[in-house]
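The next block holds one structure in the form of structure tokens; read it before the comments.
The values are calculated or read from the model by the stated rules, or taken from the named source; none is laboratory data. None of these values were measured; they are calculated from a predicted model. Note: ideal-geometry Cβ built from the backbone for every residue, glycine included; neighbour counts use all protein chains shown. Heads up: the accessible areas ignore ligands, DNA and RNA and are worked out on the full protein's heavy atoms, side chains in. Shrake-Rupley method; radii C 1.70, N 1.55, O 1.52, S 1.80 Å.
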Amino acid sequence: MKIVGLTGGMGVGKSTVAKLFENFGFPVYNSDTRAKELMVENNDLKMKIISLLGKEAYEGETLNRKFVAKKIFSNKDLLKKQNFLVHTALRKDFELWKSKQNTVLGIKEAAILFESGAYQDCDYTIAVTSPDSVRMQRIISRDHLSESEIKERLQHQWPQKKIVELSTFLINNDSDYENLKIQVIHIINILKTKI
Ligand SMILES: CC(C)(COP(=O)(O)OP(=O)(O)OC[C@H]1O[C@@H](n2cnc3c(N)ncnc32)[C@H](O)[C@@H]1O)[C@@H](O)C(=O)NCCC(=O)NCCS
Ligand SMILES: Nc1ncnc2c1ncn2[C@@H]1O[C@H](COP(=O)(O)OP(=O)(O)OP(=O)(O)O)[C@@H](O)[C@H]1O
């Protein structure tokens, strides 16, 4: 099975693009969603997070997202250590997921595909980009985060230009959903010639 990494910064439209691939029959592994599930389900990972960030990282069985976000996005060293813990567990989980798929192509969606090293598991990569002003508006209406909270997270992600340079394909999400679909179909047609 060939793996296509799907990445891009916060709010560029990765999940929207992933949904289109899914609609065309390609399975999607959502690293962000799985990471959050593993942080709760995987006891070993949970214990390591508590010893790194403190017991306030959890409220009973639930991840205290506000607390974790505040801690890791204001301290580069903690973010690096947290990412290492999460991505070690995630990598194993991804391999298991991959072994259960029976299609020729699968999508691995990850916000920090290059930053985390997860691109190494991919045969091809797609960068989704969107103008900063557009993505900022989309994030504000989706997440109700403040502009400063969004900027704090963006600081820890690579610039769009760098992600584009490293990727096999580019999807420019600066228009409507129809335009996005046309770009996805174009990439699927190219990928079909390679598998
Ligand atoms: C820190 C957490 C608790 C914040 O939760 P919250 O609900 O506020 O935000 P959400 O999960 O929707 O994330 C929004 C965006 O923040 C950015 N982001 C999330 N985690 C990271 C990270 N480790 N490094 C850089 N950016 C990140 C991404 O662009 C993401 O799409 C949560 O993001 C988390 O558990 N992250 C760890 C999982 C992980 O490593 N994800 C990275 C993507 S593969
Ligand atoms: N072409 C588009 N036109 C209008 N709205 C869009 C378009 N693309 C994405 N959106 C909206 O913008 C928001 C961000 O998109 P999406 O959730 O797919 O981004 P993402 O890259 O997965 O974000 P994150 O990394 O933060 O999880 C969503 O609410 C989505 O519905």
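Between L145 and E95, what length comes free when the chain is fully extended (0.36 nm per residue of separation minus the Cα-Cα distance, one decimal in nm)?
Values: separation 50, 0.36 × 50 = 18.00 nm, distance 3.32 nm.
The span from L145 to E95 would gain 14.7 nm if fully extended.
Would you mind working out the magnitude of the charge dipole of the range 33-100 relative to its Cα centre, with +1 at each Lys and Arg C-beta and -1 at each Asp and Glu C-beta, to the nearest 20 Debye?
Values: 16 positive and 9 negative charges, 60 e Å.
About 280 debye.
Which FRET efficiency value, to the nearest 0.05, is calculated for Y177 and D44 with the Förster distance at 30 angstrom and r the Cβ-Cβ distance?
0.15
Anyone know which of I126, I163, I50 comes out most mobile in the 10 Å Cα GNM of the chain?
I50
With N set to the residue count of the chain, report its C-alpha Rg divided by 2.2 N^0.38 Å to two decimal places. Working shown, then result.
Details: Rg = 17.0 Å, N = 195, 2.2 N^0.38 = 16.3 Å.
Cα-based Rg divided by the globular estimate yields 1.04.
State the answer as a single residue: which of S15, G25, L191 lies farthest towards the positive end of the charge dipole of the chain, with beta carbon charges of +1 for Lys and Arg and -1 for Asp and Glu, about the Cα centre.
Of the options given, the answer is L191.
Of K2/K151; K19/K66; K71/K162; K2/K161; K14/K81, which ones are farther than 32 Å apart at the Cα? Walk me through the intermediate numbers first.
Values: K2/K151 34 Å; K19/K66 27 Å; K71/K162 26 Å; K2/K161 25 Å; K14/K81 25 Å.
Exceeds cut-off: K2/K151.
First measure r as the distance between the Cβ atoms of F24 and K80, then evaluate 1/(1 + (r/R0)^6) with R0 = 25 Å and state the FRET efficiency to the nearest 0.05.
It comes out at approximately 0.10.
What residue among G13, G60, G25 has the largest mean-square fluctuation in a Gaussian network model of the chain, using Cα springs under 10 Å?
Taking springs between Cα atoms under 10 Å, the residue moving most is G60.
Specify which residue in the list V68, Y58, L38 is farthest towards the positive end of the charge dipole of the range 33-100, using unit charges on the beta carbon of Lys, Arg (+1) and Asp, Glu (-1), about the Cα centre.
With unit charges placed on the Cβ atoms, the residue in question is V68.
Calculate the dipole size of the chain relative to its Cα centre from +1 charges on Lys and Arg beta carbons and -1 charges on Asp and Glu beta carbons; express the result in debye to the nearest 20.
On the way: 30 positive and 24 negative charges, 61 e Å.
The calculation lands at about 300 debye.
Between the range 1-62 and the range 152-195, what's the alpha-carbon centroid distance in Å?
So the separation of the two Cα centres works out to 19 Å.
If we sort 184-195, 63-74 on the protection proxy, mean other Cβ atoms within 10 Å, highest first, what's the order?
Working: 184-195: 12.9, 63-74: 15.5.
Ranked from most to least packed, the peptides come out as 63-74, 184-195.
Using a 1.4 Å probe and ignoring any ligands, DNA or RNA, find the accessible area of T16 and quote it in Å² to the nearest 10.
Counting only protein heavy atoms, T16 exposes about 50 Å² to solvent.
What residues have an amide H closer than 5 Å to that of V128, excluding those fewer than 5 places away on the same chain, when H is modeled at 1.01 Å from N in the peptide plane?
Excluding prolines and chain starts, which carry no amide H, the hits are T7, G8, I171.
Hey, what's the range 33-100 come to in accessible area per residue, 1.4 Å probe, Å²?
Value for the range 33-100: 64 Å² per residue.
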